[in-house]
Amino acid sequence: MREMKFAIAINASREKVWNILWQDETFREWAGLIDLGTYLVGELKEGNEVQFISGNGYGVTSFVEKLIENEYLLLKHEADTQDSGENLREKEWTGGSESYVLDEQDGVTTLTAAFDVPPEQEEYFAVHYPKALDQVKVLAER
């Protein structure tokens with residue numbers, strides 16, 4: 001896997017950006033631009049497992065390795081799933097990590113997302129992830 005990294009400046013507090021990222025309704029709005037119908041199962045709490053499930057039932061189970069509310073989230077992907085998280089599938093994402101860093105200066109929050117991507121998915125994420133971050137910006141700046 002290769003790491004991809006994207007950043008965007010958002011005219012909002014990091015608390016507001018964090019809420020846009022992780023509240024169910026707004027999470028579905030921005031994450032759905034990466035993979036239609038994506039939702040989160042579980043509580044984002046350090047030490048917990050959560051699942052990210054797409055509309056087609058495929059997903060990934062991730063371990064919340066580090067969480068500093070409104071500032072930092074580090075996920076380690078443990079297993080690829082299918083059937084809405086009920087069964088294992090190929091290990092395309094297993095072993096990868098994903099992080100979100102929020103840094104606020106003078107009312108502007110820089111959101112940096114970094115994640116490991118299988119080589120065959122790089123082009124897709126290069127197109128779709130910036131669109132998702134643009135949606136986070138739109139939602140946070142409302």
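Of all lysines in the structure, the ones whose alpha carbon falls short of 26 Å from that of residue 45, not counting any fewer than 8 places away in one chain, are 5, 16, 66, 76, 91, 137. Our compactness index for the chain, the C-alpha radius of gyration over the empirical 2.2 N^0.38 Å, is 0.99. Can you show me the helix-derived [θ] at 222 nm for the chain, built from DSSP H runs with n ≥ 4 at -39,500 (n - 2.57) apiece and divided by the number of residues, rounded to the nearest 500. Computed mean residue ellipticity for the chain: -8000 deg cm²/dmol. The mean sequence separation of alpha-carbon pairs under 8 Å and at least six residues apart, normalised by the residue count of the range 2-140, gives a relative contact order of 30 percent. Our coupling estimate for the range 95-102, obtained by passing each phi through the Karplus curve with A = 6.51, B = -1.76, C = 1.60 and θ = phi - 60°, is x, x, 10, 8, 9, 10, 10, 10 Hz, Gly and Pro reported as x.
The range 96-142 and the range 1-56 have Cα centres lying 9 Å from one another. About its Cα centre, the chain has a charge dipole of approximately 240 debye under the convention of +1 per Lys or Arg Cβ and -1 per Asp or Glu Cβ, with nothing else charged.
All of the numbers you see were taken from the coordinates with simple rules; none came from a lab. The shown structure was predicted, so the numbers you read here are calculated from the model rather than taken from an experiment. Neighbour counts are summed over all protein chains in view; Cβ atoms, including those assigned to glycine, are modelled from backbone coordinates with ideal geometry.
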